[in-house]
Structure formats: C-alpha cells, structure tokens
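Below is one structure, written out as structure tokens; comments come after it.
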Amino acid sequence: MDNHVLSVNNITKRIGKKEIIKGISFRIDKGEVFGFLGPNGAGKSTTLRMIVGLLRPTSGNIAICGHSITKNFIKAMSNVGCIIEEPDLYNYATGMKNLEMLGYMSKNISRKDIMDAVELVGMEKRIGDKVSTYSRGMKQRIGLAQALLHNPKLLVLDEPTNGLDPQGIFEFREMVKDLASEKNISVLVSSHLISEIQLMCSKVSIIKDGLVVKTGAVNDLVSSSEVYWVVDNLEKGKLIMKERFKVNAKIINNRLEAVIGLNQLEMVNASLVNEGLKLKYVNSKSKTLEELFLSLTENQKIT
Ligand SMILES: Nc1ncnc2c1ncn2[C@@H]1O[C@H](COP(=O)(O)OP(=O)(O)O)[C@@H](O)[C@H]1O
Ligand SMILES: [Mg+2]
C-alpha cells in the first residue's frame, strides 16, 4: 500500500511529435511542502496539469492518497485543490459570493466549509467586499480559499506568487507553510526562483528539459557543491557514483565532476578508494545556491 499523499511514477507527455515530459517520478508525504523548481519551459506546468487532471499523461502513473487517477479519477481528484493559473473570479461579486457560487456547484460543501476556508486564508474582514476592490494578493487568497473548500489533502500551486508584491509574497508563503504544519495539508508548489523554494519547502525536485535532475531535502541542496575528483579510472569512478550514491557524475577534462552534498563527500571518497581507485586529487568549487541551480540546469535548450 502506497502511503504517500502524491505519488508520481515515471510519467511522460507527448504533444504532437514532441516529448515534453520524459519520465518524471517523485513522491510527497503528508504535511510536506514540496518544491518543483526549474527554468521557464522546463515542464513544470505540464506536469502539474497532469497531476490535477487537466491533461492526461501519455504514459506512467499518478496516485493521490492511493487512488490512481486513471483507475479512480473522481476519488483521486476529491483529494486535490489547485491554483494552476490566476484564479478566475467574478470581479463584481463579493469574495463571499464567489466562494458560495463555487460551493453551490458541488453538493458536499457546507456553509461551515466556506467560513473555515475564509478563516484559513485570513480574509474574514474583507470577504463582504467586491473582488474588484481587492489587491492581487487578496485575489490569490480567494483562489486559495476556493482550492481549500472541499478540504483537500493535497494542494497544487503553479508559480503562485508570480505578480505579487514582496509583502504579498511573504504573506502567501507564510500561509502555505501554516496550512502544511497546522492542517497537515501537503503542498506541491512550482517556481523558477530558488529563493522562493528555499523559503517555503522542505524537499525539492529540480526539473530541466522534461526530466528531474535532482531530488532532495532543501537543506542538503543548500549544502551541496560541485566537486571534482582526479582518479586513475574515470569510467569506474562514474559507475561507483551512480550505483552507490545515485549521483550522475560527468567526465570532463580528465576528471570526474558531480554536484553532491558536502556531508556525502567523505563517504564518496572512501568508496572510490575502497573500490581500488587511486584518488589523486579532490576539490570542491564553492558555489552559491543560484550557481548550483544554474549548473544543474545549464544547456537548457530554448525550443
Ligand atoms: N500544448 C502544447 N503544445 C506544444 N508544446 C507545448 C504545449 N504546452 C507546453 N509546451 C511546451 O512544453 C515545454 C514545457 O512547458 P511548461 O510545462 O509550460 O513549462 P514551465 O511551466 O516549466 O515553464 C515548453 O517547451 C512548452 O513550449
Ligand atoms: Mg509554467
């Protein structure tokens, strides 16, 4: 039995002749805020659309709270709330009316669900005002309230802070973190900004060109560095990295290069030596998180 709130297994998406998503897998636990980080065009929105049922994967499998979206679409979707693009609101109605209209469309949403959602997004004071008088941040809160109406276990947010001012970004981020820690809601949030993911998420997948290039705890990523090794057998070294540490090392300029957590370095070095390699030189290029992200996502083709 799969206990994950979201489990994405090797999904691909082909549109026309183009394979946009080339086999993506990751899992999200209960109450986890998970970041989906990648440059524009990497495939973030396409992946999130498949997770919330707006697009059908070409192959692979997605399960939400254990329900496969292909075998049990309705059950799977009953556990997801999302903001994929800017929320579509009726500007000349009040925030409350907007929520009520959505509530009436589905049978199981009570007055209390609506009031709870309003409270969760901190809009009690302004909920009786027309949406046309709201700031972008407030509209985003109403969008979030809509996504929360049916008490989802998983919230999917595609670049939710785009277009918000710094104050709005700060408030939105704190709200998302509170939802996860206090209500145990899992959140999948995409962004092209490292700082955003770093401040909001505990785990991250970095996506490039339709593939995940790295998944890990944000704290490990922060302590990651680009390291290079000079050894007498580069191919064997590369294989050890792959098999023992699931690290994709590259052979460049007669040395082995990889991005790893510095806390792993001692173990990697010991393994190389234990496997009989002569380790002649090790060095780490210290990098900022920004540079690290760029080196992981370099050569991104613009297509
Ligand atoms: N309907 C479509 N038809 C053809 N190509 C598409 C379609 N939707 C997205 N793409 C392409 O797929 C790639 C990934 O897009 P997208 O998922 O929107 O990336 P991101 O959200 O990471 O910026 C881009 O190269 C984009 O041009
Ligand atoms: Mg996008």
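Worth pointing out:
- If you go through segment 2-17 and keep only what is within 16 Å of ligand 2 (Cβ to nearest atom) and more than 21 Å from MET77 (Cβ to Cβ), you end up with just ILE15.
- Conditions (1) over 19 Å from VAL189 (Cα atoms); (2) surrounded by fewer than 18 Cβ atoms within 10 Å (Cβ to Cβ); (3) away from ligand 1 (no atom under 16 Å from the Cβ): number failed by ARG56: (3)
- Elements of type strands (runs of 3 or more DSSP E) in segment 137-242, at least 1 residues being buried (at least 21 other Cβ atoms within 10 Å of the Cβ) and free of Cβ contacts under 8 Å to residues at least 60 places away in the same chain: 224-231
- Of all the criteria given as (1) within 16 Å of ligand 2 (Cβ to nearest atom); (2) in contact with a Leu (Cβ under 9 Å, 6 or more places away or on another chain), the one not satisfied by ILE20 is (2).
- Options ILE127, ILE84, ILE28: the member that is at pLDDT 95 or above, under 30 Å from LYS214 (Cβ atoms) and β-branched (Val, Ile, Thr): ILE28
- Residues of segment 101-136 satisfying the condition of being of a type in the set (D, E, K, R) and either in contact (Cβ under 8 Å) with a residue 12 or more places away in the chain or in a helix (DSSP H, G or I) (or both): ARG111, LYS112, ASP113, ASP116, GLU119, ARG126, ASP129, LYS130, ARG136
The values are calculated or read from the model by the stated rules, or taken from the named source; none is laboratory data. Computed from a predicted model, the values in this text were never measured in an experiment. Using ideal geometry, Cβ is built from the backbone for each residue, glycine included, and neighbour counts are taken over all protein chains shown.
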